[in-house]
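The structure under discussion appears below in the form of structure tokens.
Read-outs: derived from the displayed coordinates by stated rules, not from any lab. Everything numeric here is computed off the predicted structure, so don't read it as measured data. Quick reminder, even Gly has a Cβ in these numbers, built from the backbone with ideal geometry, and neighbours come from all protein chains shown.
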Amino acid sequence: MDWTKFPKVELHLHLDCSLSYKVVSQIDPSITHKQYLADFISPAKSSLVEYLKRAPSNFPLMQTEEHLRLVTMDLFEQLQKDNLLYAEIRFAPLLHTSKGLTPQQVVECVEAATAQAVQDTGVEARLILCTLRYFSTAQSLVTVRLVEDFRGTYVAGFDIAADRPGNVFDDHLPAFQYAHNKGIPCTAHSGEARGSGNVWDTVHLFAPSRMGHGVPCLDRPELVELIRKKRIHLEVCPTSNIQTNTFDTYADHPIDELYRLGVSVGVNTDSRTISNVTMSEEYEKLHRTFGWGSEEFYNCNRNALDAAFISEDERERLMAQLTEGYQQVI
Ligand SMILES: [Zn+2]
């Protein structure tokens, strides 16, 4: 089956971990393909530490307005080839200020490039601004205030990503509180390599409407029930979870069981480069491992659109496009 033909919705996608070799070599021609494979792509099996080690390879290539524009356009080209109907792209503005751009300028630049790329490629999109678990309270607040400042543009939501040892909640509670007070849509990374305790705490402390990953929860039935009842959407990234050793093999991944239990799950790559996977390839893996076909993918895309950070009009429009697209390919 050629899964490329199926229209897709992806909500969990990191801009700064999705640079193709084409754009990497365009920005820094000294980086060889061999180096790109080693430094930008995670091994098929490693750990969250190893996975996250690849991210900083991208940061020096994303420090000027021109380079931010190039990597944004590059990602949209990849999304167009993968037949994305709608994507939410996330990045941490504070990671792109080492050559003098202000966080405001970083967001302005990626937002403008997104507007242009949506027009050029026909892939609808929104942006999510990330704070990072190792950031301070002040840095998290700067990030969430940027979401508020850019309200009404392609910037649509707030997230927390990355990792650090110890408590990953206390420093960021004020930012999530701010987001909730202002009605800013929130997602939050949870459970990747930290288990169901972290998922439980994320639901209770950050109260996001979606979670990035959130999949290690089957050992606590009351948690699964809570996620299901609250309709918290899980942005599931199977290949990424296998790479980081959250689950041993693809067949051990709980996406199928969660789907069957009625949890709102969607399919995502996490990152195109570090995960070294496209959505079409992820669909093929799900098809081979769990026998998923058009019905499961259609439902997952509907789940994702239901949880997307967009207006009701836009949701309706994309839902109709999704249905029409599926009617054409099945
Ligand atoms: Zn992620």
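Could we say that residue 228 is in contact (Cβ under 8 Å) with a residue 24 or more places away in the chain, surrounded by fewer than 24 Cβ atoms within 10 Å (Cβ to Cβ) and within 18 Å of residue 52 (Cβ to Cβ) here? Let's see the steps before the verdict.
Numbers: in contact (Cβ under 8 Å) with a residue 24 or more places away in the chain: yes; surrounded by fewer than 24 Cβ atoms within 10 Å (Cβ to Cβ): yes; within 18 Å of residue 52 (Cβ to Cβ): no.
So residue 228 fails the test.
Take region 298-318 and flag every residue that is hydrophobic (A, V, I, L, M, F, W, C) and farther than 13 Å from residue 84 by Cα.
Applying the first criterion (hydrophobic (A, V, I, L, M, F, W, C)) to region 298-318 yields 300, 304-305, 307-310, 318.
300, 307, 308, 309, 310, listed by residue number.
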Extreme residue, nearest to residue 132 (Cα to Cα), among residues of region 218-250 that are in contact with a Phe, Trp or Tyr (Cβ under 8 Å, 6 or more places away or on another chain) and assigned to a loop (DSSP other than H, G, I, E, B) | 244
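Within region 1-37, take every residue that is more than 14 Å from residue 270 (Cα to Cα) and touching a Lys or Arg at 6+ places or on another chain (Cβ under 9 Å) and give me the one that is farthest from the ligand (Cβ to nearest atom).
In the first step, residues of region 1-37 are kept if they are more than 14 Å from residue 270 (Cα to Cα); the result is 1-8, 20-37.
Still in the list and also touching a Lys or Arg at 6+ places or on another chain (Cβ under 9 Å): 4, 20.
Details: 4: 23, 20: 18 Å.
Among those residues, the one meeting the criterion is 4.
Can you find, within region 136-158, the residue that is surrounded by the fewest Cβ atoms within 10 Å (Cβ to Cβ) among those that are outside any helix (DSSP H, G or I) and of a type in the set (Gly, Ala, Ser)?
Start the filter on region 136-158 by keeping residues that are outside any helix (DSSP H, G or I), which leaves 136, 150-158.
Going one step further and asking which of them are of a type in the set (Gly, Ala, Ser), we end up with 136, 152, 156-157.
Working: 136: 12, 152: 6, 156: 21, 157: 24.
Of everything passing the filter in region 136-158, 152 is surrounded by the fewest Cβ atoms within 10 Å (Cβ to Cβ).
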Selection from region 17-58 of residues that are of a type in the set (A, V, I, L, M, F, W, C), within 19 Å of the chain's Cα centre (by Cα) and surrounded by 14 or more Cβ atoms within 10 Å (Cβ to Cβ) | 17, 19, 40, 41, 48, 52, 55
Region 251-292, residues that are without any contact (Cβ under 8 Å) to a residue 24 or more places away in the chain and either among the aliphatic types (A, V, I, L, M) or assigned to a loop (DSSP other than H, G, I, E, B) (or both) | 291
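Right, residue 296: surrounded by fewer than 15 Cβ atoms within 10 Å (Cβ to Cβ), more than 17 Å from the chain's Cα centre (by Cα) and either in a loop (DSSP other than H, G, I, E, B) or among the charged types (D, E, K, R) (or both) or not? Give the steps one after another, and end with the answer.
Values: surrounded by fewer than 15 Cβ atoms within 10 Å (Cβ to Cβ): no; more than 17 Å from the chain's Cα centre (by Cα): yes; either in a loop (DSSP other than H, G, I, E, B) or among the charged types (D, E, K, R) (or both): yes.
For residue 296, the condition - surrounded by fewer than 15 Cβ atoms within 10 Å (Cβ to Cβ), more than 17 Å from the chain's Cα centre (by Cα) and either in a loop (DSSP other than H, G, I, E, B) or among the charged types (D, E, K, R) (or both) - is not met.
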Does region 159-172 contain at least one residue that is away from the ligand (no atom under 16 Å from the Cβ), closer than 16 Å to residue 187 by Cβ and part of a loop (DSSP other than H, G, I, E, B)?
-> yes
Within the bounds of region 247-266, is there any residue that is closer than 30 Å to residue 24 by Cα and polar (S, T, N, Q)?
-> no
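Hey, among the residues in region 177-207 that are in a loop (DSSP other than H, G, I, E, B) and more than 19 Å from residue 134 (Cα to Cα), which one's farthest from the ligand (Cβ to nearest atom)?
Step one: filter region 177-207 for residues in a loop (DSSP other than H, G, I, E, B), giving 183-185, 191-194, 207.
If we keep only those that are more than 19 Å from residue 134 (Cα to Cα) as well, we get 183-185, 207.
On the way: 183: 24, 184: 19, 185: 16, 207: 19 Å.
Per the stated criteria, the residue is 183.
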